[in-house]
1. Restricting to Cα pairs below 8 Å that are 6+ residues apart, what does the relative contact order work out to for the range 270-319? Please round to a whole percent.
2. 222 nm [θ] for the chain, helices only, -39500 (n - 2.57) per DSSP H run of 4+, per residue, to 500?
3. Report, in cubic angstrom per residue, the convex hull volume of the C-alpha atoms of the range 120-164.
4. List the relative contact order of the chain as a percent without decimals, with contacts defined as Cα pairs under 8 Å and 6+ residues apart.
5. Out of Q148, Q252, Q24, any idea which swings most in a Gaussian network model of the chain, alpha carbons joined below 10 Å?
6. Could you look at the chain and say what percent of its accessible area is carbon and sulfur, using a 1.4 Å probe and all protein chains?
7. P(r) of the range 247-314 in 10 Å steps, Cα pairs, percent per bin?
8. Using the scaling law 2.2 N^0.38 Å as the reference, what is the normalised Cα Rg of the range 195-295?
Amino acid sequence: MNNFSASKLARDDLKDMEPYVPQQYPGMIRLDANENPYDLPREVKDDINEKLYSHYFNRYPDPLANNLVKALASYTGFSEDYILAGNGSDEIILDLALTFAAGGKVIITSPTFSMYEVHSRVAGAEPVFIPRKSCFSIDIEKIKNYEQDTDTRIIFICSPNNPTANEIKHEELEQILNSVNCLVVVDEAYIEFGGKTTAVLLRKYPNMVVIRSFSKSFGLAGLRVGYLLANPEVIRQVCRVKQPFNLNTYSQLAAVTVLENLSLYQDIIENIKAEREYLLNKMKNLNIKVYPTVTNFILFEPSCDAAKVHSELLEHNILIRNVSSPVVENCLRVSVGTRDENNAFIKALVKAAG
Ligand SMILES: *Cc1c(COP(=O)(O)O)cnc(C)c1O
């Protein structure tokens, strides 16, 4: 027997990191992950399946997802050299951290999406948290000062932000872009639900990048498709660390087909926005404090203990997210579902917090 020990050999700097294991609750109404409550429309699935026959699964996928990038060029209005496709925006976050942040610091504007921290650590970068202010706006002065004094490589700004559901003003973003030398990453995973895109600033600021996802508005969470919009020089650098065949043939095909059927998605997105207003009204009538939202989820503060509301909802088969933390004390996040799911949630909420 040798003396092999996986835990001794593993990286020291990751020793206290817990593996990210998403909760699985079979049979639950899942309003916890901000997924699109509707599966792909039948005609889009048929369309994808029809096209499958002209694709080879024995060959490696197109490493640069050229057809998808072409479709994204017409969707976004950016030329193809500004676009890079990824295996979910998660992969893009990791690739950005690996390319630019290893050995340096990363600023995270908490509370926000947990993957900025996870992927920064995995890439060997040190996450530094600069909390949002009480109205959930970004603490621009603190960011500027910190960036000037340290080896900061990336600032992650989620807009609209998960879980606070608000967006950054363009003037605020420009104040940051004008005064820092690092990369500023704006995560627009929820942009189709009503936020104002910041992508117009990309042409003015070479240190800015935007990441987007097919997981929320386009309902492709199961196929893992995201993309990066950035200055071509930034993209060239990221391509040095990107897995060559990161996006599989099927997902490339499905994402292209989704973009060919945009009008169907416009209807789905309008439906989700209408359901959001429906939920907001019901919740306000229950005297629950709800925060404004330009996303497909709602941040709210029950008048009793959030952890208790969360577990009572679970007993009624409803899974939402407890996002309580210092800036969002005693707060819960619920994703907008179908009308039936939303009604089931409201009914259980009346019992748990009414
Ligand atoms: C859900 C979400 C994503 C999506 O990640 P994918 O890897 O594309 O599924 C990205 N950013 C934020 C802030 C999210 O909430």
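The values are calculated or read from the model by the stated rules, or taken from the named source; none is laboratory data. Note that the structure is predicted; figures quoted are calculated from it, not measured. Areas reflect the complete protein model, heavy atoms only, side chains present, ligands, DNA and RNA absent. Shrake-Rupley method; radii C 1.70, N 1.55, O 1.52, S 1.80 Å.
1. Normalised by residue count, the contact order of the range 270-319 is 24 percent.
2. -11000 deg cm²/dmol
3. 85
4. With pairs under 8 Å counted, the relative contact order is 22 percent.
5. Largest GNM mean-square fluctuation: Q24.
6. Its accessible area is 51 percent carbon and sulfur atoms.
7. Histogram of Cα-Cα distances, whole percents per bin: 17, 31, 24, 19, 8.
8. 1.40
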